[in-house]
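Just so it is clear, none of the values below were taken in a lab; they were calculated from the coordinates. Computed from a prediction, not measured in an experiment: that's the story for all the values here. Note that we place each Cβ from the backbone using ideal geometry, even for glycine, and neighbour counts take in every protein chain shown.
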Amino acid sequence: MRIVSLLSLLLFANSVYAQETFVYNDHSKRDPFAPLVSSTGIVITYDESLSVNDLVVEGVVSDASGNNLAIVNGKIVKSQDQIGPYTVGTIFDDHVEFLKGSQKFVLKVKKGQM
């Protein structure tokens, strides 16, 4: 009986160690298991890994003198502000231009969000 138990234990241990190690594929998104707050209480931002598809223009505030502001991903930004690797370009009434190096991206204001 002891030999059967020992053999089954060895076979089980061998099968556990023979399995491949699981590697999480984040698909270029933020790892959901990564902490949002550091041990010192500071909010950790992962803005450098933002893609243009992650940016959402939620609204635009414009005035007569052309000092427009935009709400992007819940943050109020003005022209020349940085959001991750992107620089806010010109802010229009219905869209915002973003610059990354020599590339220009135009994002329209999302309508009908509640």
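Return a whole-number percent for the relative contact order of region 52-108, with Cα pairs under 8 Å and 6 or more residues apart as the contact set. It rounds to 26 percent for region 52-108.
Working note: Karplus 6.51/-1.76/1.60 with θ = phi - 60° gives region 60-76 the couplings 9, 10, 10, 10, 5, 7, x, 7, 8, 10, 10, 9, 10, 6, x, 10, 7 Hz, where Gly and Pro are set to x.
For V56, nonlocal amide neighbours, meaning residues 5 or more places apart or on other chains whose placed amide H falls under 5 Å from its own, are N73.
Residues whose amide H comes within less than 5 Å of that of T90, counting only those at least five positions distant or on another chain, are E97 (H built at 1.01 Å from N in the peptide plane). Here the average projected area of the convex hull drawn through the C-alpha atoms of region 52-108 stands at 3.5 nm².
Sort F98, F105 so that the residue with the fewest other Cβ atoms within 10 Å of its own Cβ comes first and the one with the most comes last.
F105, F98
Karplus-derived 3J(HN,Hα) values for region 96-111, using 6.51 cos²θ - 1.76 cosθ + 1.60 with θ = phi - 60°, are 10, 9, 10, 10, 9, x, 9, 8, 10, 10, 10, 10, 7, 5, 6, 9 Hz; glycine and proline are entered as x.
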